[in-house]
Amino acid sequence: MSINLTPPIKVPENGFANHSQNDYLKSVKCFFEEIGSLTKFTFRFFREAIRPRYELNEVVRQSYSIGYNSFPLVAVTAFIMGLVLTIQSRPTLAQFGAQSWLPAMVTVSIIRELGPAITALIFAGKVGSRIGAELASMRVTEQIDAMEVSGINPFKYLVVTRVIAATITLPVLVVISDTVSLYSTYIAVNMKDNLSFPLFFIQVFQSIGFSDLLPSVIKTFFFGFAIGIISCYKGYNSNNGTEGVGMAANSAVIFGLLSIFIIDMIAVQIISLVT
């Protein structure tokens with residue numbers, strides 16, 4: 001008969017549960033602190049935006065830089081989007097003998113949802129990461145601190161100008177994207193059918209109305225503002241040295257994409273209630 005002299009290991013009751021609960025409460029606290037800081041940052045933007053002096057030259061320069069550099073990627077993506085959507089939709093409509101409805105169906109899909117959403121996602125990935133990394137690198141290399149010492153308002157020069165440029169530029173890119181997508185739709189339709197250009201656009205404009213165009217354009221301003229303010233917030237408040245530059249760019253893209261989905265969901269609910 002053997003006797004076990006090893007003392008039993010005492011595991012504190014609910015030890016793991018308390019540990020996980022503390023981590024959960026800490027995560028919730030950090031989340032609300034982040035939301036509060038972003039809200040304070042947004043209010044500061046509006047306060048600085050309406051106060052002179054206005055950096056109009058920098059707004060124009062940022063708008064040109066953001067829009068011109070994003071145009072090739074947006075145009076290529078829009079062309080492929082219209083082409084693929086038309087080709088994929090044709091077999092389904094052909095089963096019901098409704099090929100003539102193809103231009104109208106694709107147009108409504110692009111104008112109402114796909115055009116603004118896809119363009120905003122591309123904009124968030126390209127422009128959001130650029131703004132976040134640029135401001136974060138300026139914070140790490142103490143360029144922002146040097147501007148404050150020199151008597152320059154870095155928030156107005158760096159943040160306000162970029163947010164305004166993003167808010168203005170994205171709707172323009174969406175309009176261009178929709179136009180390119182409709183042209184690629186015309187090309188895809190004529191791969192199997194023989195539809196003239198004037199007749200195609202008659203069908204396109206008969207299928208959409210003012211109630212389709214206005215909401216899709218208005219929500220792109222909110223998309224651009226959300227991408228700009230989040231990217232500037234992440235970059236302007238970056239820390240942790242050079243590692244913070246990558247973290248700022250990464251988090252700017254992630255939260256920018258998330259904000260697009262949230263705003264789009266709210267916009268769809270509001271449009272459905274109004275119409």
How big is the gap, in Å, between the Cα center of region 82-97 and the Cα center of region 60-77?
31 Å
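Using r as the Cβ-Cβ distance of Lys29 and Ile266, and R0 as 22 Å, what FRET efficiency do you calculate, to the nearest 0.05? Could you put the intermediate results ahead of the total?
Working: r = 26 Å, r/R0 = 1.17.
Efficiency at R0 = 22 Å is approximately 0.30.
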Cross-link reach list, aspartates and glutamates versus Lys26, counting only Cα pairs under 16 Å and skipping chain neighbours closer than eight places
Glu34
Students often get this wrong, so try it: which of (i) 156; (ii) 260; (iii) 142 is volume of the Cα convex hull per residue in Å³ as calculated from the structure shown?
(ii)
At each listed q (0.13, 0.18 Å⁻¹), what is the log10 of I(q)/I(0) that the Debye formula gives for region 146-275 modelled as equal alpha-carbon point scatterers?
-0.74, -1.05
Spin-label model distance (nm) - Phe201 vs Arg47, 7 Å beyond Cα toward Cβ:
5.0 nm
7 Å from Cα along Cα→Cβ at both Ala75 and Val274: what's the point-to-point distance in nm?
3.2 nm
When every alpha-carbon pair in region 98-178 is counted, what percent end up more than 18 Å apart?
57 percent
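Multiply the residue separation of Ile87 and Glu113 by 0.36 nm, subtract the distance between their alpha-carbon atoms, and state the gained length in nm to one decimal. Present the calculation step by step, with values, prior to reporting the outcome.
Details: separation 26, 0.36 × 26 = 9.36 nm, distance 1.82 nm.
Fully extending the segment from Ile87 to Glu113 adds 7.5 nm.
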FRET efficiency estimate (nearest 0.05) - Cβ-Cβ, Phe210 to Asn239, R0 51 angstrom:
0.60
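I'd like to compare 40-47, 168-175: which one has the highest average count of other Cβ atoms within 10 Å, and what's the full order after that? Write down the numbers at each step before the final one.
Working: 40-47: 14.2, 168-175: 22.2.
Descending packing order for the listed peptides: 168-175, 40-47.
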Each residue of region 137-148 in order: what ³J(HN,Hα) in whole Hz does its phi give by Karplus 6.51 cos²θ - 1.76 cosθ + 1.60, θ = phi - 60°, with x for Gly and Pro?
5, 5, 5, 5, 7, 6, 5, 5, 5, 5, 5, 5
Computed helical MRE - 222 nm, the chain, DSSP H runs ≥ 4 contributing -39500 (n - 2.57), nearest 500
-27000 deg cm²/dmol
I'd like the distance between the alpha-carbon centres of region 217-275 and region 123-198, rounded to an integer number of Å.
12 Å
In degrees, nearest ten, helix 241-274 long axis to first principal axis of the chain (Cα):
50 degrees
If you line up the long axis of helix 210-236 against the longest principal axis of the chain, both from Cα atoms, how many degrees apart are they, to the nearest 10?
30 degrees
How big is the charge dipole of the chain about its Cα centre, in debye rounded to the nearest 20, if each Lys and Arg gets +1 on its Cβ and each Asp and Glu gets -1 on its Cβ?
180 debye
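Read-outs: derived from the displayed coordinates by stated rules, not from any lab. Keep in mind the model is a prediction, meaning the values are calculated, not measured. Note that each Cβ is placed from the backbone with ideal geometry, even for glycine, and that neighbours are counted across all protein chains shown.
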